[in-house]
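First comes the structure, then the notes that go with it.
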Amino acid sequence: MQSPRGLIFRRRASNLISKLMGTAATLFGLSWLAWILVVTLINGARALSPRIFTQITPPPGSDGGLANALVGSTLMSVMGVLIGAPLGIAAGTYLAEFAERRPVWRETIRFVNDILLSAPSIVLGLFVYTIYVRQVGHFSGIAGALSLALIVLPVVVRTTDETLRLVPNMMREAALSLGIPRWKVTVQVLYRAALPGILTGVLLGLARISGETAPLLFTALNNQFWSNNLNGPTASVPVVIFQFAMSPYDAWHSLAWAGAFVVTMVVLVLSVGARAFLLKNRMDANA
Amino acid sequence: MSAVLPVPLATTESPPGPRRVLPARWMDSAFEWLTRFFAFLVFSLLAAILVTLVIGSQPTLEKFGVGFLFSTDWDPVQEKFGALVPIYGTLMTSLIAMLIGVPVSFGIALFLTELSPAWLKRPLGTAIELLAAIPSIIYGMWGLFSFVPFMSDRVLPWINDHLGPLPWIGVLFRGPPLGIGMLTAGIVLGIMVIPFISSVMRDVFRTVPAALKESAYALGSTTWEVVWKVVLPYTRSAVVGGIFLGLGRALGETMAVTFVLGNAHQLSASLLMPGNSIAATIANEFTEADSDIYLSSLIALGFLLFVVTLIVLAIARLMLHNLARREGR
């Protein structure tokens, strides 16, 4: 049997150790964030030049930019959101508004959606490759956009579902009691109330696909040249980064860093912006 | 209010006839069916992915059978394929990731819920979540150009000297300090799963009723005892769910691993040696696959990966769901 003093000493010691470990763990996590951001921003800033935005990706050994990849990425991301977001909003609306009589079905779809949300993106690429690229017979920006849409979809389903459920029932009842049909209540009243949340979801989806690489590798492939044709192979910044970073050429490494800088900035601005936007709207609503 | 009400009541001239009601009803059911259709689309997407992958991997399964899972062959020239090397790489790197990610995430959640001053909680939480926002290709570049040299110059020689001579586990830590390899990939994965696990842990720790914690404090418990004996048992299933969620991420993570794992199709006992993972193999070789059986073997790998992550994520969601139900949400 321990003396009471020894026991209390031991308890205090383990308490102190756990607090120190907790603090250390937080600093550990933050230091990785700092390391990654500093390395990316410093190397990227060094490699950044106006050429990045005006010239296309060079062959090995010569100078160039990332213009074609930037345009390809933008087009495919925008198209991915334009396909994925409306589908996601519709499906989320069903889950939040029309499924209360079928709770099992509703929970099943939510469950499936949650799984799609964290499914490996490379598998989505394989899926689009098999059902689209293989059937059409060639790689294309459209296939790339489709695989990105599959990543946006579950994000938007979830946020739409969640924000619509947060809209007070009083609003539905008030609108319905005026004799407004249900679809109009949903579109003109509920969507308006839930707009900040839904928009945040779309922005987060966009942030996620702007840096997405794996599903593009064998759907959009890559394209060294300027191309306005989304129905052919299309360059994207992440795939170019992958190709250039793995190469032995210094000029390509430097371009890869510039691309990494641009992607990181876009993703950070989008995801921090989406959060700030949601926070501000919540505060306005509470005020 | 009462001043406004009489006006609509006074207009009794045209009661809404069927012509005004019907289009609205028609639109109502059309709208509902539209949303239902897309919800069904989400549901069928999962089934469609599974079916396409099964069909795509059919030639491989017919040719190699169950042996595909246990063979270390990967020879595109003789068209012999086996999945053991990438399966081992995926499981091993994910295991290392969990060994690092779980304790660190627990520490972060502990700090964010019990120790941090209130004004610091939100910015710190956001900063940790930013680790999840950074695209995996950035982790890959940073890993290749910054972390790999750091590992091979500083960490691996030390590991070689101090952990290598140990009996039994020493063999895991002996090898050339290349920098690229299982251990490096596992560490990078560990960092990548921290935001997922820690944000789930933090969120569920917050759901513990204050009365429970306050009772324990009132009995003289220390912070650590409250967390270990009250908070953790109360949230156990959701914490396991969060860990599985992180595991699902680690198993399927592609680009970061592709950069730092070395793309070497060999099985070696040492964690310092290069290896391969399922996702990295697909990413590296899919566009180079020149024969049908090669392509089909890669799709079969994808099918394996999808089934395993599906099971892991399903367990995660079920564990998390239990907590949500207990809360009455």
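The values are calculated or read from the model by the stated rules, or taken from the named source; none is laboratory data. Small disclaimer: the values here were computed from a predicted structure and weren't measured. Ideal geometry is used to build each Cβ from the backbone, glycine not excepted, and the neighbour counts take in all protein chains shown.
Points worth noting:
- Taking the criterion of being outside any helix (DSSP H, G or I) and surrounded by 22 or more Cβ atoms within 10 Å (Cβ to Cβ), the residues of the range B:169-189 that qualify are B:Gly179, B:Ile180, B:Gly181.
- Qualifying residue in the range B:250-270 (condition: surrounded by 24 or more Cβ atoms within 10 Å (Cβ to Cβ), farther than 20 Å from A:Phe139 by Cβ, out of contact with any strand residue (DSSP E or B) (no Cβ under 7 Å at 6 or more places or on another chain) and hydroxyl-bearing (Ser, Thr, Tyr)): no
- Pair list, Cβ under 9 Å, 6 or more apart: the range A:56-75 residue closer than 15 Å to A:Asn229 by Cβ, other residue assigned to a loop (DSSP other than H, G, I, E, B) and of a type in the set (Phe, Trp, Tyr): A:Ile56/A:Phe225; A:Ile56/A:Trp226; A:Asn68/A:Phe225; A:Asn68/A:Trp226; A:Val71/A:Trp226
- For the range B:92-118, a tally of residues being farther than 15 Å from B:Ile191 by Cα and loosely packed, with under 15 Cβ neighbours inside 10 Å returns 2.
- Against the numbered list (1) touching a Ser or Thr at 6+ places or on another chain (Cβ under 6 Å); (2) more than 18 Å from A:Arg51 (Cβ to Cβ); (3) away from every other protein chain (no Cβ under 11 Å), A:Gln224 comes up short only at (2).
- The residues in the range B:99-136 that are closer than 21 Å to B:Ser221 by Cα and not in a helix (DSSP H, G or I) can be counted, and the count is 2.
- The residues on offer are A:Ile52, A:Ile83, A:Ile42, and the sole one that is free of Cβ contacts under 8 Å to residues at least 24 places away in the same chain and part of a helix (DSSP H, G or I) is A:Ile42.
- Scan of the range B:274-315 for residues that are out of contact with any helix residue (DSSP H, G or I) (no Cβ under 7 Å at 6 or more places or on another chain) and of a type outside the set (Gly, Ala, Ser), ordered by number: B:Thr287, B:Glu288, B:Asp290, B:Tyr294, B:Leu295, B:Val307, B:Ile311
- When the range A:155-213 is filtered for residues that are small (Gly, Ala, Ser), farther than 30 Å from A:Val239 by Cα and touching a Leu at 6+ places or on another chain (Cβ under 9 Å), the ones remaining, listed by number, are A:Ala175, A:Ala193, A:Ala194, A:Gly197.
- Where a residue in the range A:221-240 is on the phi > 0 side of the Ramachandran plot and its partner, wherever it lies, is modelled with pLDDT under 95 and surrounded by fewer than 17 Cβ atoms within 10 Å (Cβ to Cβ), with Cβ under 8 Å and at least six apart: A:Leu221/B:Thr287
- Index of the failed condition, A:Ala85 passing every other in (1) among the hydrophobic types (A, V, I, L, M, F, W, C); (2) surrounded by fewer than 19 Cβ atoms within 10 Å (Cβ to Cβ); (3) under 30 Å from A:Leu164 (Cβ atoms): (2)
- Whenever a residue of the range B:291-315 is part of a helix (DSSP H, G or I), its partners that are modelled with pLDDT under 95 and acidic (Asp, Glu), lying with C-beta atoms within less than 6 angstrom and at least six residues away or across chains, give the pairs B:Ile293/B:Glu79.
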